[in-house]
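Asker: Below: one structure in C-alpha cells.
What follows is calculated from the coordinates using simple rules that are stated; it is not laboratory data. On a predicted model such as this, the values are computed, not experimentally measured, just so you know. Glycine also receives a Cβ, built like all others from the backbone with ideal geometry; neighbour counts cover every protein chain displayed.
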Amino acid sequence: MTHELQSILARHQFAPTQLLQVLREVQEHYSWIAPEALDYVADGLGLPRARVEGVAGFYSFLHSDAPCRYRLLFSDNITDRMLGNQELIAYLCNKLWVERGHISEDGLVSVDTTSCTGLCDQGPALLVNGWAIPRLTHERLDQITELILGKTPVEQWPRELFVIENNIHRADILLDNPMEPGDALRGVISRGGGLEAAANARSWREGIPAAEQGQLAILDEIKKSNLRGRGGAGFTTGLKWEACRNASGDHAKEQRYVVCNADEGEPGTFKDRVLLTTQADLLFEGMTVCAYAIGATRGFLYLRGEYRYLLEPLNETLARRRAARLLGRDILEHGGFDFDIEIHLGAGAYVCGEESALIESLEGKRGIPRNRPPYPVTHGYLQQPTTVNNVETFCAAALIAAGGDEWYRSVGTAKSAGSKVLSVSGDCARPGIYEYPFGVTVRQVLEDCGAENTLAVQISGPSGVCIAADEFDRRIAFEDLATAGAFMVFDASRDMFEVARNFAHFFAHESCGFCTPCRVGTAMLSTTMDKIANGHGTLYDLAEIEKLDRVLNQSAHCGLGHTACNPTLDTLKRFRPTYERRLKSQDFEPAFDLDGALAAARRMTGRDDAGAHLSTEEA
C-alpha cells in the first residue's frame, strides 16, 4: 500500500490543494479509503488528519467505512423512477442477496442510490465503481449479476454496457458550428485581439500597452454580444470577465484563474455531458479566450464525478491542443500568451455546483459555500481573482470570438442573445438534446420532442419553476423562463405531488449541512411531504410549508436552501387537488402514529382488544 500511495501523492506533487484528487485515486485503486491510507495521505500532504477525514466524509462517492469490490449506485432522479428504477433496484438486490444500502457480508457488493447520474434521456441508469451504465433492463441486470458473482474486474466488463448516446435531436449555432480548433483564438487576433494588431487597430487607446489593447478588444466584444451566463442566473459574462481583469489580487502572488463549472448536478440536466463529448475543443477554446481577456495563465475544468468516463478523452483533447500550440506557453506563437488547463474530478456533491463551494473543492476542501461578498471575481481560487462560468457559456464565448458580436446578437431575442441548449427528458417520444435560439416556446419544444397529453413541465430542474398547460406559450428566455437547461416533461398520468416529494427528498439529501436553516429546513420539508403521502397531512401542514419557505429564503446560507421549497410551492399552486385529496383533516395531526407503531406488539401478544389500543378520545 505504501508504494502506491506514495506514487499517487507524487503525481499530485504533494500539494494540499490536490487532496480530493488524491483521495479519489486512492478510492479507485483500493475500492475504499482505509484508516491507514487516511493517515498516510495526511502525513504526506502535511495536513491534520481531521481535515483529511472530514473531506473523505463529505463527498458521497468516497468511502472510508469498509472495503467493497463493487459499489452500485442507481440514479434516483424522478425520471428514473418514472422508468421503473425502484423495481429494478429490488430485482438486483434479490439477485445478489444484498440488502439495499448495505455491503454484502463478504464485502463483494453494495447496492444503493445517488441523486442523478446525468443520464435522464437514457435511464434508468446506475454507476458501478463510478462508471455509468444507461438503459437498464432485467436482462442487463442479469448480465451485471453474473459479472459481479464471477468477480470480473469492471474494466473487463463488455463495453456495450457502457455505451452512452448523445441523443442530439436539434442543433443550432453551437452544436452545429463549423469551427476548427484555434479558429476563435485566430478570430481574436484578426480583429485587434493580437499583440501586433492591437497596437495598430486600437490607436484610440493611446498609452495602453499592446497586450492590454488585445484584452480590452475581446472584452468589448463579449460585452457587446450581450452574452449572459447559461447557468440560470444570467449574469452578464462580459461584466464578470471585466471585474476579474480589473480586480487586485494578493500582489505577493498575484494570479488570475479561469474555472469552468462542469458540475451539472441539477436533476434533469445533462447538456454538459453532450457538450463535453462533442464540443470539448470549443469549450477549451472559450476558456482560453477568457484567459487572454482577463490575463490568466491557469485554468481548471471541474468535472462532476458522475462523468468519470469523460476524464481520459478530455485529457487527450488537452494534450492535442498543447501539441498544436493552442495551450501552454506562447499560444499561437505569441510571446507572453501563456495558459494551460487541468481537470479536477468531483466526488458526488450537488452543492459544488455553487461557484464558491466549487472553488473550496478545487482547493482540496469540503465543498461548503463561502460567505459572499467577497465574490470569486476578486477572491476566488486561493483568494485570487477568478472567473467561473459553465460549459455552455464558454462555448458561446468561443463562438463570439470567431463570429463577432453582431452576428451573435442577431440570434435569439433583444434581451437574450444566442441559443440555449435544453436537456429534454420525461414523458416524450424523443428525449435528448435540443438547441434553439432564445425565444422558443415551451409548446414548440413539446411538439418537437413528441410529448403528448402533457400535464406539466419542470423548467431548470427542482430549483427552477413548474408550469402547467395554460403556460405552454411562455418562452425560453431570460425575460420569461430563464433556465440552466433542464426541461422535464410530465404527462397526465403523473402525480405532481409525488414529483415534488421526490424533489424534496433530493434537497434534504444534498444539503451540505453547513447552516442550520437548510440542514433542518430541508429535512422538515421532506418529512412533511412524507406525512402528507402517508395520510396524516392537514391544511396546517400546507401552511407550514409556506412558512418554511420564508425562513429558508431569509436565512439559508446559499441557493440550495433558498430554492428547496420551489417545487412544492409551484405544484401546490398549480395542482392543489393532488395535495388536498391526501389530507386527513383540517386540523393539526402528528406525523407519527403511535397506536399504529404498537401493531407489531399486539400481534406478538395475540391481543387486539380495545385495551390494547391507545384511546383517540379527548380526555
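Asker: Show which lysines lie in cross-link reach of Lys95 when reach means a straight Cα distance below 18 angstrom and same-chain residues fewer than eight apart are skipped.
Answerer: Lys151
Asker: To the nearest µm²/s, what D does Stokes-Einstein give for the stretch 1-79 at 4 °C and 1.567 mPa s, using the Kirkwood radius over alpha carbon pairs as Rh? Before the final figure, lay out the partial values.
Answerer: Numbers: Rh = 13.0 Å.
The diffusion coefficient I find is 100 µm²/s.
Asker: Roughly speaking, what is the centre-to-centre gap between the stretch 451-499 and the stretch 1-56 when only Cα atoms are used, to the nearest Å?
Answerer: The two parts, judged by their Cα centres, are 43 Å apart.
Asker: Please go through the stretch 87-142 and write out the chymotrypsin sites (Phe, Trp or Tyr not before Pro) that DSSP classes as loop and that have at most 13 other C-beta atoms within 10 Å. Each step should come with its number before you reach the end.
Answerer: Details: sites: Tyr91, Trp97, Trp131; in loops: Trp97.
Here the sparse-neighbourhood loop sites are Trp97.
Asker: Considering only DSSP states other than H, G, I, E and B, which trypsin sites (Lys or Arg not before Pro) in the stretch 214-322 qualify as loop sites with at most 15 other Cβ atoms within 10 Å? Could you put the intermediate results ahead of the total?
Answerer: Details: sites: Lys223, Lys224, Arg228, Arg230, Lys240, Arg245, Lys253, Arg256, Lys271, Arg273, Arg298, Arg304, Arg308, Arg320, Arg321, Arg322; in loops: Arg230, Lys253, Arg256, Arg304.
Passing both the DSSP loop test and the Cβ count: Lys253.
Asker: So if R0 is 22 Å, what FRET efficiency would Gln444 and Asp176 give, r being the distance between their Cβ atoms, rounded to the nearest 0.05?
Answerer: Working: r = 18 Å, r/R0 = 0.82.
Efficiency for this residue pair is about 0.75.
Asker: Say the dipole of the chain comes from +1 at the beta carbon of Lys and Arg and -1 at that of Asp and Glu; which of Ile331, Asn85, Asn246 then lies farthest toward its positive end?
Answerer: After comparing all options, I get Asn246.
Asker: Moving on to the next point. Hey, if you put +1 on the Cβ of every Lys and Arg and -1 on every Asp and Glu Cβ in the stretch 183-409, which of Ile189, Phe394, Tyr375 ends up farthest toward the positive end of that dipole?
Answerer: So the residue furthest toward the plus end is Tyr375.
Asker: Right, next: Quickly estimate the mean residue ellipticity at 222 nm for the chain, helices only: each DSSP H run with n ≥ 4 gives -39500 (n - 2.57), and the total goes over all residues, rounded to 500. Walk me through the numbers on the way to the answer.
Answerer: Numbers: 26 runs with 259 residues, N = 619.
Computed ellipticity for the chain at 222 nm equals -12500 deg cm²/dmol.
Asker: Report the relative contact order of the chain, percent, no decimals, based on alpha-carbon pairs under 8 angstrom and at least 6 residues apart. Present the calculation step by step, with values, prior to reporting the outcome.
Answerer: On the way: 1186 pairs, mean separation 78.1, N = 619.
Answer for the chain is 13 percent.
Asker: Ok, one more. When we measure straight from the Cα of Lys240, which lysines land under 17 angstrom away, once same-chain ones fewer than 8 places off are left out?
Answerer: Lys223, Lys224
Asker: What distance in nm separates the simple spin-label points at Glu312 and Ser493, each placed 7 Å from Cα in the Cβ direction?
Answerer: 3.9
Asker: How long are the semi-axes of the equivalent ellipsoid of the chain, taking √(5λ) for every eigenvalue λ of the Cα gyration tensor, in whole Å from largest down? Walk me through the numbers on the way to the answer.
Answerer: Values: eigenvalues 380, 180, 111 Å².
Each semi-axis is √(5λ); the values are 44, 30, 24 Å.
Asker: Assign unit charges at the C-beta atoms only (+1 for Lys and Arg, -1 for Asp and Glu), then state the dipole size of the chain relative to its Cα centre in Debye, rounded to the nearest 20.
Answerer: Values: 62 positive and 84 negative charges, 215 e Å.
Dipole size: approximately 1040 debye.
Asker: Taking the Cα centre of the stretch 70-165 as origin and charging only Cβ (+1 Lys, Arg; -1 Asp, Glu), how large is the dipole, in debye to the nearest 20? Let's see the in-between values first.
Answerer: Details: 8 positive and 14 negative charges, 11 e Å.
The dipole magnitude comes to about 60 debye.
Asker: Moving to a separate point now. Let's test this: bin the Cα-Cα distances of the stretch 457-547 at 10 Å from zero up to the farthest pair and state each bin's percent.
Answerer: Distribution as computed: 14, 39, 35, 12, 0 percent.
Asker: Let me ask something else. Using the alpha-carbon atoms, what tilt in degrees (0 to 90, nearest 10) does helix 2-11 show relative to the longest principal axis of the chain?
Answerer: So the helix axis and the longest Cα principal axis differ by about 50 degrees.
Asker: How high is the relative contact order of the stretch 352-458, given as a whole-number percent (alpha carbon pairs under 8 Å, six or more residues apart)? Display every interim value, and only then the final one.
Answerer: Values: 122 pairs, mean separation 14.3, N = 107.
Once normalised by length, the contact order is 13 percent.
Asker: Compute from the Cα atoms of the stretch 497-580 the Rg and the Dmax, the latter being the longest Cα-Cα distance, and quote both in angstrom.
Answerer: 11.7, 35
Asker: In percent, how large is the relative contact order of the stretch 497-580, given Cα pairs closer than 8 Å and 6 or more residues apart?
Answerer: This gives 39 percent for the stretch 497-580.
Asker: On average over all directions, what projected area in square nanometres does the stretch 319-444 have, based on the convex hull of its Cα atoms? Write down the numbers at each step before the final one.
Answerer: Details: hull surface 47.3 nm².
For the Cα atoms of the stretch 319-444, the hull's average projected area reads 11.8 nm².
Asker: To make sure I understand the rule: partners must be lysines, Cα under 21 Å from the Cα of Lys531, and not fewer than 8 residues away in the same chain. Which ones qualify?
Answerer: Lys547, Lys573, Lys584
Asker: Zone of Leu47 (label point 7 Å along Cα→Cβ, backbone N under 17 Å): which residues in the stretch 59-73?
Answerer: What the label zone holds, given the 17 Å backbone N cut-off, is 59-65.
Asker: For the stretch 70-165, build the convex hull from the C-alpha positions and give me its volume per residue in Å³.
Answerer: Working: hull volume 8.1 nm³, N = 96.
Roughly 84 Å³ of hull volume per residue.
Asker: To the nearest 0.05, how large is the calculated FRET efficiency for Glu139 and Asn94 if R₀ is 22 Å and r is the Cβ-Cβ distance? Don't skip to the end; give the middle numbers.
Answerer: Values: r = 15 Å, r/R0 = 0.70.
Efficiency at R0 = 22 Å is approximately 0.90.
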